[in-house]
Amino acid sequence: MLLEEFDFCKKAIINPHMIHDKIDGFPETVIGIFSHHLFDRIVKFLGGEKIAEYSDVDGIFNIYKVSYKGREFGLVKARLGGPSCVGAFEDIIAMGGKRIILIGNCGVLDKSIDDCGIIIPTKAIRDEGTSYHYAPPSDYIDVNKKYISEFKAVCDELGYPYVEGITWTTDAFYRETPDRIAKRKEMGAICVEMECAPMQALCDFRGIEYFQFLYAGDNLDHSNWDPRSLSGTDRLDDKEKIALLAFELALKIEK
């Protein structure tokens, strides 16, 4: 099978450094936010300064430098889905990013997880395609290999409860069938999203530090789908506060 192939060669025909030059002074820590509503809020709140951009067929996407409690970090709108997200961060790594922190929404496979509850992935089920181009085949990939303890400390200090567990990364959110959900729950998954496995595989392959945490959205652990706060505009004030946990983690990491 094609997914059983893996090529360890790091030199491809097209490489990110052919498209983007390294940028002097580019922030080492780059924070990515998937929701454009939430991203716009954080850019406005922190007063982002555009320092670079990347582009694809969907348009041009700005990369900002922001200041948080006296420290400067990169901030970018993360793209939905493994291929788009990985492609964008390949460009960002080529520009000089050395550490990536991602925050995104997920569906829950455990109805006991509260709406907007914080989830720290420990492994990702690789039910997508992109990760298989960056890591040898396996059902799972270990994620968040660094900084879980630091992020827990941030949550504890600021009074945010959290859960840890396995996430299911899939390309096809309209194919999350009852049988497939049951199988992924048997594999230990407590939530589902689209980018964790390929992003960890990318960062492992490129030697980049990576951390991702999630906030719970829709509930799939039910006979009927419950969207809860899945909409980008629902509970936006709460989500803004949750997003700032990424910057608090960045402060701890860069001390």
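The values are calculated or read from the model by the stated rules, or taken from the named source; none is laboratory data. Bear in mind the structure is a predicted one, so any value in this text is a computation, not a measurement. Note that we place each Cβ from the backbone using ideal geometry, even for glycine, and neighbour counts take in every protein chain shown. The area values use the complete protein model at the heavy-atom level, side chains included, leaving out ligands, DNA and RNA. Shrake-Rupley method; radii C 1.70, N 1.55, O 1.52, S 1.80 Å.
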Going through the range 188-208 in order, the residues found to be open to solvent by 50 Å² or more (accessible area, probe 1.4 Å) and either among the acidic types (Asp, Glu) or over 19 Å from the mean Cα position of the chain (by Cα) (or both) are 204
Complete set of residues in the range 207-235 that are of a type in the set (A, V, I, L, M) and either free of Cβ contacts under 8 Å to residues at least 24 places away in the same chain or part of a loop (DSSP other than H, G, I, E, B) (or both): 208, 220, 230
In the range 9-57, residue nearest to the chain's Cα centre (by Cα) [restricted to those that are among the polar types (S, T, N, Q) and exposed (fewer than 13 other Cβ atoms within 10 Å of the Cβ)]: 55
Scan of the range 152-179 for residues that are surrounded by 18 or more Cβ atoms within 10 Å (Cβ to Cβ) and among the β-branched types (Val, Ile, Thr), ordered by number: 154, 166, 167, 169, 170
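For every residue, the table says whether it meets (1) open to solvent by 10 Å² or more (accessible area, probe 1.4 Å); (2) modelled with pLDDT of 95 or more; (3) within 30 Å of residue 224 (Cβ to Cβ).
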site: 76; (1), (2), (3): no, yes, no
site: 92; (1), (2), (3): no, yes, no
site: 101; (1), (2), (3): no, yes, no
site: 107; (1), (2), (3): no, yes, yes
site: 121; (1), (2), (3): no, yes, yes
site: 133; (1), (2), (3): yes, yes, no
Six or more apart or on different chains, Cβ atoms under 8 Å: show the pairs whose first residue is in the range 178-206 and at positive phi and whose second is part of a helix (DSSP H, G or I). none
Test: residue in the range 46-57 that is without any contact (Cβ under 8 Å) to a residue 12 or more places away in the chain, of a type in the set (Ser, Thr, Tyr) and over 30 Å from residue 222 (Cα atoms): yes
Contact list please: Cβ distance under 7 Å, first residue in the range 68-97 and on the phi > 0 side of the Ramachandran plot, second residue surrounded by fewer than 20 Cβ atoms within 10 Å (Cβ to Cβ) and not acidic (Asp, Glu), pairs at least six apart or on different chains. 69/251; 96/22; 96/23; 96/26
If I filter the range 213-230 for residues that are under 22 Å from residue 92 (Cα atoms), modelled with pLDDT of 95 or more and crowded, with 22+ Cβ neighbours inside 10 Å, do I get at least one hit? yes
